[in-house]
Structures are given as structure tokens and as C-alpha cells.
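A short worksheet on the structure shown next.
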Amino acid sequence: MKPNLSSTNKPLLVGIIIDVSSSMRRNWKNKEGKRLPQIEIIKDGLNRQIRKIKSIYSKKPETKEVELFCVGMGFKRPQKKWQFVDLSRNKEKPLGEMAETLIDASVVCDILALTEIIPTKADLEEVENVINAKWSGYSNQLLKKVDFRESLQDDLILLIRDSLYQTAIKKLRYSLRGRLLSYLLSRKILLESEWLNNQTERLNNWFIGRENRIRLTSFNESDSYLEKINTVAKRIAAGSVDEYEKYIRITLDDFVSGQSDQVLELLTLGHSPNKVFDTFNEDRVFSLAKNIYDHLEQDVRPKIQLTWLSNRARLNVVTKLIGGKIDNARVKKMTEEVIQKIVWEKLRRFIRIVVGDLFKDAFRKSARARFYEWLDLASSREVTRSIKDIVNVLPDALEQEIYSDKFMFGTTPIHNAIKKASLRLMDVNFSQHKKILITISDGEFSDKFLPEATTLLKDSGVTIISLHISNKNIVSQLVEKAERNWSDGAKFMFEMSSISTEGDGVSQALGKLDYKMEYGKRLFIQVNHSQAIEDILDALLIN
């Protein structure tokens, strides 16, 4: 009897072959019961489960080492459009004729390599944060002359209110009536006269009423003035945003496109976003930012000046009405400062959003253009990682571009996928590892694999588990032989799989699932929803 490997502390090598071919586009239910393309359900389930397992392993340092690799079959890429060359007479003479561009729909790719090459959402968010931080820095430099104090509007209200009130009250007190009242109130002996006392009281009531009207008018007009200024300032900021956005895009387009290409190229080479931005052309982008702010300033400045001219008339009318006086120069200066603050607060936020969107669009465009290059790089690499070092199995960034007809849903070259997996499993560096190969597919293969290849893998100690995806229920437990009515793909996957044995450890782990576990049966399991895959990974990598 074989030893119980599950009780040993042998390191574990797990290989996963994932089918991303055309047939895997059919709808499938995820754990919430929603219908999505099968490959996206598998992506979500695998990524979620790997993160869970990684978390468990990181808390248990004594746990045995688990190494993982992942191969995808069914990617697409165009064959390069080669030019014919005449090599006769030891010369290289390009001919005018070009070879036709063809699409290779049978690409086998190292998915972990692809996941590591493609910038992650976290990388792109960090890039976005750096761009926002840099642009905010440029804005602060270029808008130094703008006063952004929070108290600026309150200061303008107080200036107008106090100017109107204090000057009007002063004029009232020094008016004929004001001086007369002051004189009468200071001569108590005169107020002993009943008639004079009544006249003084009437004059005092008039004075108090007048003072209250001055105070109320000063308060109301200062608030009203600021409200009008706010309205006009917001209108200035919003009135030309379409023209501003067009100008910003025209000004930055070439720079953003070039910088996005450079940033993605360096991220592809494995450099961190912070290091990548050490290469950012600061002088060039600051110069472009200055052009943008200067252009907007030339448009905004006359509108700000016109706002003061159109609103000072009302202040002058009120000033004459209450008999006050106002320092037009100070009010003009502060009014323009308030308008500038409101306008530029809105415009710099608007500019930051436009610039951010420009970079996002450029990154996505560059990523779409680079994906075939990333696929080439990943197809030529062989990546095996400790499960503790894996964030995602399948890429989680730029999903719309990756999980599409342009890059996936080709044919299913099972033989090439088995070859790539075999080379990894038979590597001498993993000779002391317990080994498991998991194939996730619907079995609709575009070529036939060599049975001897998987037979020899099993003979060398690799446990092969076939996870068959089907919309029909063909099996609910492990079986000894394939049924006649099974599809050819199901039969192929059945033949590939190992026979369960009591001492193989894998069977013991799978036996903890809900279905009945019997030894001597093939490790061929039908999975009809993502939870089944997650349960199996739980059983193999945790239990």
C-alpha cells in the first residue's frame, strides 16, 4: 500500500489547465445564481479562493509549501504580417509582396506570467493617484496668485457690511438731526420742558429707526452682493467647460499618449509605479499645464473684471440710499479675489478630472495595443509561484479588453497544454514534491492529446483531476468507466484522470466533500457552478 502522503510534510506542486476557448462562453451560474460566461465565473471563483487560501497559509507558517502554476488554452493572437525577402546571392532584398495576416486561435499561455505582466488594478490606481498628486502640485504652483482662504467670502461680506454701516452711521450722527439729538440728550435741564422732552423723544425714535434700517440694509445688501457674485462666478466656471475640455485634450493628447506607452512599457518590465514615475517628463508636463492655465486665465480674467463692473452699480445705489460710503478699490480687489477663488476651485477640479480621464483612456488604448505583446511574453515564460505570493490566478485588470473575442475564445489545443504542464511537472527542481494536475474544461478539444503523455505522468506520481463543465448532468459521483452517451470530450477527460486510491491523500481530501467517495474510481468530477470548484480547491489545498 502506498504511504499516506497527506500526513507527510512533502511540498506540493499544483498545476491548473484552464480552458478559455470559444465553447467556454456559454452561460454558467455563479454562487449567487447569476448567469455569466463560464470563464468569468472561473476567474472570479479561482481568484477568490486563492486569496482565501493565501490568507490561511500566511497565518500558518508551519504549513507545508504549496507551489502553483497555471496554463490557459484558447487565447488568440495575430501572426505578424511578414514581408517576403529575396536571400539569393547572399543578399537581403525586401520584396514588395507581404504575407497575409492570420489569427492564431490556438495559443497556450502561462496565465500566472500573463497576470504578472499585465498591470493590476492596484497598479493603475497608484498611477492615477500619482498623476492626480502631480497635477495638484502643478495647479498649486500655477495658482499661487489666487487666494484660496476659506474666510475670503466672509471677509468680503464684513468689508461691505461694516463699510456701509459704519460710514452711514457716522454720517447720521454728524447730520443736523444727529448733532441736535446729541446736544439735547446731553442737556438734562432742557428736557425738563414737557414739549422739548417730547420733541427729543420723537427725534430719538426717528434716529433709532434710521439706525436699524441702515444696519438691516447693510446686512441684507452684503449677503445679496455675495450671493450674486457666487452665481456669476459659478456661471463663469461652467460656461465654457466644453471649449476648455477641447483645449486641454488637444494640448495634452500627444504627451499623454507617449507617457502612457512609456509607463505601461516600464510596468510590463516589472518596475513599480513609483519608480516608473521617476522617468516622468516633469518639465514638459509642467510647461503644458502652464499653457492650459494661461489659456483659461486669458478667458476668465475679463469675465471677472466685468462682474465687478456690473455689480458695483447696485452697491453705489445702496450707498447713496443709506448715506454711506464704500472703498471701491478695496471692494473691487476683494470681489475679484472671491470670484477667482470660486472659479479656480471649480476649474482646477474640472481640469484634474479631464486630465485623469485622458490618462485612463490612453492607458486602456495602450493596453489594448499591447495585449498581444503581453500574450507573446507570457507564452514564452514558465512561472511557478508559492501560493503565498499569488494575488490572482487570472488577471483582474482591464477585464473588458481581456475577456473578449479579440484575445480569448479560440480553439482548445489540449495536447500543447498537456506538454507545457508536463515539462513543469517533470522538472527536476520539483522531484521531491507531491504533484497534482487539475484540468478545468468542457472537453470540447480541437486536437487529440497523446494518451501516453498523461499515462506516464500518472505513472511518475502525478495525480490528475479532471473538472468537467457541462450543462447536462452526466455524473454525480466518481465512476469506474465512462458511459456510452458521454461526449467525446468528457470521455477524453475521464481517461486523463487518475484512479482514486485510499493512500493517495488527494482522494482523502476530496472525500470530505458532499458526494460519496469510493476508491478505485476515476478522479473525474463534474462541476456545474463556481462553488464546486472552490470546494474542491478547499479540499485539496486546505484540508
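Quick check on my filter: what residues within the range 269-285 are in a loop (DSSP other than H, G, I, E, B) and closer than 10 Å to Gln259 by Cβ? The answer is Phe280, Asn281.
Restricting the range 425-454 to residues that are acidic (Asp, Glu) and modelled with pLDDT of 80 or more, the residue that is farthest from the chain's Cα centre (by Cα) is Glu452. Every condition in (1) surrounded by fewer than 14 Cβ atoms within 10 Å (Cβ to Cβ); (2) within 42 Å of the chain's Cα centre (by Cα) holds for Val300 except the one numbered (1). Consider Trp195 against the criteria (1) modelled with pLDDT of 90 or more; (2) not assigned by TED's automatic domain parsing to the domain that holds Val343; (3) not charged (D, E, K, R): it satisfies all of them except one. Which criterion is unmet? In the conditions (1) modelled with pLDDT of 90 or more; (2) not assigned by TED's automatic domain parsing to the domain that holds Val343; (3) not charged (D, E, K, R), Trp195 misses (1) alone.
Considering only the range 426-452, state which residues are touching a Ser or Thr at 6+ places or on another chain (Cβ under 6 Å) and of a type in the set (A, V, I, L, M). The answer is Ile436, and nothing else.
With Ser460, Ser441, Ser487 as the choices, which residue is farther than 21 Å from Asp535 by Cα, hydroxyl-bearing (Ser, Thr, Tyr) and in contact with an Asp or Glu (Cβ under 9 Å, 6 or more places away or on another chain)?
Numbers: Ser460 fails: in contact with an Asp or Glu (Cβ under 9 Å, 6 or more places away or on another chain); Ser441 fails: farther than 21 Å from Asp535 by Cα.
Answer to the check: Ser487.
Criterion first (closer than 25 Å to Leu159 by Cα, free of Cβ contacts under 8 Å to residues at least 60 places away in the same chain and over 31 Å from the mean Cα position of the chain (by Cα)) does Arg330 satisfy it? No, not satisfied. The criterion of at least 2 residues that are modelled with pLDDT of 75 or more is met by the following helices (runs of 4 or more DSSP H) wholly inside the range 462-543: 488-496, 530-541. Are any of the residues in the range 161-180 assigned by TED's automatic domain parsing to the domain that holds Glu337, under 19 Å from Asn316 (Cβ atoms) and in contact with a Leu (Cβ under 8 Å, 6 or more places away or on another chain)? No; the residues of the range 161-180 include none that is assigned by TED's automatic domain parsing to the domain that holds Glu337, under 19 Å from Asn316 (Cβ atoms) and in contact with a Leu (Cβ under 8 Å, 6 or more places away or on another chain).
Note on the range 256-287: residues that are within 25 Å of Lys145 (Cβ to Cβ) and in contact with a helix residue (DSSP H, G or I) (Cβ under 6 Å, 6 or more places away or on another chain) total 1. Within the range 261-297, the set of residues being under 20 Å from the mean Cα position of the chain (by Cα) and under 18 Å from Tyr138 (Cβ atoms) comprises Val263, Phe277.
Scanning the range 208-224 for residues that are crowded, with 19+ Cβ neighbours inside 10 Å and in contact with a Lys or Arg (Cβ under 7 Å, 6 or more places away or on another chain) yields Ser218, Ser222. With respect to the conditions (1) modelled with pLDDT of 70 or more; (2) under 27 Å from the mean Cα position of the chain (by Cα); (3) assigned by TED's automatic domain parsing to the domain that holds Gln432, Leu68 falls short on a single one, namely (2). For the range 357-379, the count of residues that are modelled with pLDDT of 80 or more, of a type in the set (A, V, I, L, M, F, W, C) and within 30 Å of Lys234 (Cβ to Cβ) is at least one. Applying the set (1) closer than 30 Å to Lys171 by Cβ; (2) in contact (Cβ under 8 Å) with a residue 60 or more places away in the chain; (3) not polar (S, T, N, Q) to Ile351 leaves exactly one unmet item: (1).
Does Thr335 fit the bill of being at pLDDT 85 or above, surrounded by 14 or more Cβ atoms within 10 Å (Cβ to Cβ) and in contact with a strand residue (DSSP E or B) (Cβ under 6 Å, 6 or more places away or on another chain)?
no
Of all residues in the range 93-111, one or more are assigned to a helix (DSSP H, G or I), within 32 Å of the chain's Cα centre (by Cα), modelled with pLDDT under 85 and within 30 Å of Leu13 (Cα to Cα).
Are any of the residues in the range 175-190 touching a helix residue (DSSP H, G or I) at 6+ places or on another chain (Cβ under 6 Å), of a type outside the set (Lys, Arg) and free of Cβ contacts under 8 Å to residues at least 24 places away in the same chain?
Filtering the range 175-190 down to residues touching a helix residue (DSSP H, G or I) at 6+ places or on another chain (Cβ under 6 Å) leaves 178, 181, 184, 190.
Keeping just the survivors that are of a type outside the set (Lys, Arg) gives 178, 181, 184, 190.
Checking which are free of Cβ contacts under 8 Å to residues at least 24 places away in the same chain leaves us with 184, 190.
The answer is yes, given that some residue of the range 175-190 is touching a helix residue (DSSP H, G or I) at 6+ places or on another chain (Cβ under 6 Å), of a type outside the set (Lys, Arg) and free of Cβ contacts under 8 Å to residues at least 24 places away in the same chain.
Among all residues of the range 150-157, there is none that is surrounded by 14 or more Cβ atoms within 10 Å (Cβ to Cβ), in contact with a Phe, Trp or Tyr (Cβ under 7 Å, 6 or more places away or on another chain) and either at pLDDT below 90 or of a type in the set (A, V, I, L, M) (or both).
The values are calculated or read from the model by the stated rules, or taken from the named source; none is laboratory data. Every value quoted in this text rests on a predicted model; they were computed, and no experiment measured them. Using ideal geometry, Cβ is built from the backbone for each residue, glycine included, and neighbour counts are taken over all protein chains shown.
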